[in-house]
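The values are calculated or read from the model by the stated rules, or taken from the named source; none is laboratory data. Model, not experiment: these values are computed from the prediction. All Cβ positions, even for glycine, are placed from backbone atoms using ideal geometry, and neighbour counts span all protein chains on display.
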Amino acid sequence: MDRLTVDEIITKIKAKDTFEAVSKDYSFTLKIEAYVPYACASIHDGHQFRKELWENCIHTEYERWYEEDPETKNMIQSHPIVISGCDSRFEYDLNRAPEDAVFVNAWGKQLWHKPLSEDMKNKSLDKHANFYKVVYALIETLESKFGFCTVYDMHSYNWKRWDREVPTWNLGTSNVDNARFVDVIEDWRQSLSEIKLPHDIKSSSKINDTFQGNGYFLKYITKNFKNTLVLATEIAKVYCDEYEQVIFPEVVKTVEGELKIRIPKHANAVYDKFKN
């Protein structure tokens, strides 16, 4: 893996080079093993938190971990194109617009002992901006090469906090063109529902049940690219004990193995349907 500036990463994308890189400031990674009409993203996988923010942060390390999406990069790591965030959403949230990306309050609790200085905020927002420069270059290149592409936007959510039965998988589709994509969205929901997980963990899947797909990542790509479908795909945190902060690697591995088969199969079907 190379350590590259954002400009170097964009140059490689535009040249259609294959590479694996971490951004120079270690805020995100991008792997391109081959140019294919789909990409995977895990923008909330990161747990890094700038050390100069530690003393000022009211939330504990565990509270931050609880709201992040650990292991989502590992679930999609076998695919040819993977972009992932390395930093915690508590530093800046890649799934929120720039004006909302640096939290004042997080999940009902004040985040900082003292308000952040503009300098501190701008350090975070620069990383947010650089990530989206690369996202733009990536999707622009894939759309121009293939005519259509699908982005699998992987997230996870804390299912134990709900006071009703919730699905293992949730697709958030309220901000995509449902009239155009309804059939392939349903195909993806159906495929996820067929996944067999260890320990008899149920694998139900629903659309817009727990979340509706209101994230900035999906909205940004959908607004800027008319021939890219973003599938905001949430897995309930059945792959860990969210209260004890214990990961179940055998469940993560099973999910990775299932998605290794199911994502390309679905992406190729979507491409065949919309490439013209």
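Does Ala106 fit the bill of being touching a residue at least 12 places away in the same chain (Cβ under 8 Å), in contact with a helix residue (DSSP H, G or I) (Cβ under 6 Å, 6 or more places away or on another chain) and small (Gly, Ala, Ser)? So Ala106 does not fit the description; no. Might you let me know whether the range 197-218 holds any residue that is more than 18 Å from Ser42 (Cα to Cα), modelled with pLDDT of 95 or more, charged (D, E, K, R) and surrounded by fewer than 14 Cβ atoms within 10 Å (Cβ to Cβ)? Scanning the range 197-218 turns up no residue that is more than 18 Å from Ser42 (Cα to Cα), modelled with pLDDT of 95 or more, charged (D, E, K, R) and surrounded by fewer than 14 Cβ atoms within 10 Å (Cβ to Cβ). Among (1) over 19 Å from Asp153 (Cβ atoms); (2) crowded, with 20+ Cβ neighbours inside 10 Å, which single condition is Val176 missing? All conditions pass for Val176, except number (1). Is it fair to say Val166 is farther than 22 Å from Leu4 by Cβ and out of contact with any helix residue (DSSP H, G or I) (no Cβ under 7 Å at 6 or more places or on another chain)? No: the conditions fail for Val166.
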